[in-house]
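Laboratory data are not the source of any read-out in this text; all were calculated from the coordinates shown. Predicted model only: the values in this text are computed from it and were never measured. We place every Cβ from the backbone using ideal geometry, glycine too, and count neighbours over all the protein chains shown.
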Amino acid sequence: MSATIDRDVVRPPDAPDGRPPAIEIDDVSRTFGIVRALDGVSFAIAPGEIHALLGPNGAGKTTLLRTITGLVEPDGGEVRVLGRPTSDFSSREFRRLIGLVPSGDRTFYLRISGLENLVFFGRLHGLRRAAAVGRAWDVLEAVELTQAAKQRVGLYSHGMQKRLSVARAMLMDPAVLMIDEATHDLDPDGALRTRRLAETAAARGASVVWATQRLDEIRGFCHRVTLLSHGRVRFAGTVPELTAVAMTRRYLLRVLVRDDPTASAREIVARIGAAVGPRGAVVPAGELDGSDVVLVLEEDAVLSDAIARIAEAGVDVLACREERSMVEEAFLHLTGGGQG
């Protein structure tokens, strides 16, 4: 499997036209008081990629998004967006290239209309009034808020305000679009519409960061995923790879080869691997001695059947203990199946 745990750097391929990654995060850490919100996070996102940032509440997703936008300065490590370091993030030119949909957006002016809000933010980005008005109508149409365009935002439902937040993020047609808990407060149609907007942005070459705590939300939608837990990268790879890792079961076995008690770890792994066949895999158990191996079984494989086949191959299983990888622990915590 090409996915890795606690990988130092995850770098997707360059874009077809040879452009480098749009977002590069290298060993970034951030501490708030005694809380280490980010702990050595590294990954990269290519132009045109929809990248899921997955993790439970408190995993560090929002802090990382705020770091990418320059709203939070890292304690250590480096962030580069579109090839530029954090020292450039304060310029108006740079901020026009980034669109952010925060999880809880309280930055709209409630006493004026949605249209007036968008025109105001367009003017802040340097658009002339006529251009700001025209662009505001374009994005309001994209999120299907044209009928409510002249209503006060204070009268909008939570879902409508979320859609307005998406519209504002798209106002400048950004090269980087970051969406935090995009479908919170949205009905199924609104959630689908938001995903389609993200896909449209990626199709024109924008890099999309989709932060969520729901695995089902990213299937068939995101190209790659980075899973955070307690501020650390626990997994990086494709969505199918994450699903496959999360669904496997791992067992630490202590074994003895009957006809060769001094068999090497390589010999033991080869014999057990041949016995379990394609429904499982076996690897040496790290720094433990050669009699310890890790058996990984597919979701529907039966442990007792695998042990029986191992015994038939002349290898006795002296002890068996189920264990979980850090990916599985984070996944279980994410889905409510773990503790902590």
Report Rg (one decimal) and Dmax (nearest whole number) for the stretch 245-312, counting Cα atoms only, units Å.
11.4, 36
Checked against the positive end of the charge dipole of the stretch 23-244 (+1 on Cβ of Lys and Arg, -1 on Cβ of Asp and Glu, about the Cα centre), the farthest of 110, 143, 46 is 110
Mean residue ellipticity at 222 nm from the helices of the chain, using -39,500 (n - 2.57) per DSSP H segment of n ≥ 4 over the full residue count, to the nearest 500 deg cm²/dmol?
-9500 deg cm²/dmol
Computed over the stretch 167-316, the Cα gyration tensor eigenvalues, each multiplied by 5 and square-rooted, give semi-axes in Å (largest first) of 47, 15, 12
Helix 188-203 versus the longest principal axis of the chain: what is the Cα-based angle in degrees, 0 to 90, to the nearest 10?
90 degrees
Among 56, 70, 127, whose Cα projects farthest towards the positive end of the dipole of the chain, with charges put on the beta-carbon of Lys, Arg (+1) and Asp, Glu (-1)?
127
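Where does the charge balance sit around residue 172 when Lys and Arg score +1, Asp and Glu -1, over other residues with C-beta under 10 Å from its C-beta?
+3
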Using the basic label-point model (7 angstrom from Cα toward the beta carbon), what is the residue 88 to residue 308 distance in nanometres?
6.4 nm
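What does the net charge come to around residue 131 if you take all other residues with beta carbon closer than 13 Å to its beta carbon, with K and R at +1 and D and E at -1? Please list the in-between numbers first.
Details: positive: 96, 123, 128, 129, 135; negative: 138, 173.
Once all neighbours under 13 Å are counted, the net charge is +3.
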Remind me, what semi-axes does the chain give for its equivalent ellipsoid, largest first in whole Å, using sqrt of 5 times each Cα gyration tensor eigenvalue?
48, 20, 17
Compute the long axis of helix 158-169 from its Cα atoms, compare it with the longest principal axis of the Cα atoms of the chain, and write down the angle in degrees, 0 to 90, nearest 10.
80 degrees
Dipole of the stretch 23-244, Cα-centred, from +1 at each Lys and Arg C-beta and -1 at each Asp and Glu C-beta, to the nearest 20 debye?
680 debye
Specify the residue with the greatest mean-square fluctuation among 175, 167, 301, computed from a Gaussian network of the chain linking alpha-carbon atoms under 10 Å apart.
301
Which of the trypsin sites (Lys or Arg not before Pro) across the stretch 203-296 are loop residues per DSSP, with 15 or fewer other Cβ within 10 Å?
204, 214, 219, 258
Residues other than residue 221 with Cβ under 14 Å of its Cβ, Lys/Arg counted +1 and Asp/Glu -1, net out at +2
log₁₀ of I(q)/I(0) at q = 0.23, 0.32 Å⁻¹ - the stretch 85-130, Debye sum with one point per alpha carbon
-0.98, -1.16
Taking only the Cα positions of the stretch 45-191, the convex hull volume per residue in Å³ is 125 Å³
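What length, rounded to one decimal in nm, is gained on full extension from residue 151 through to residue 265, with 0.36 nm per residue of separation minus their alpha-carbon distance?
Taking 0.36 nm per residue and subtracting the Cα distance, the gain is 33.9 nm.
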Within the stretch 38-119, list the trypsin sites (Lys or Arg not before Pro) lying in a DSSP loop whose Cβ has at most 15 other Cβ atoms in a 10 Å radius.
106, 111
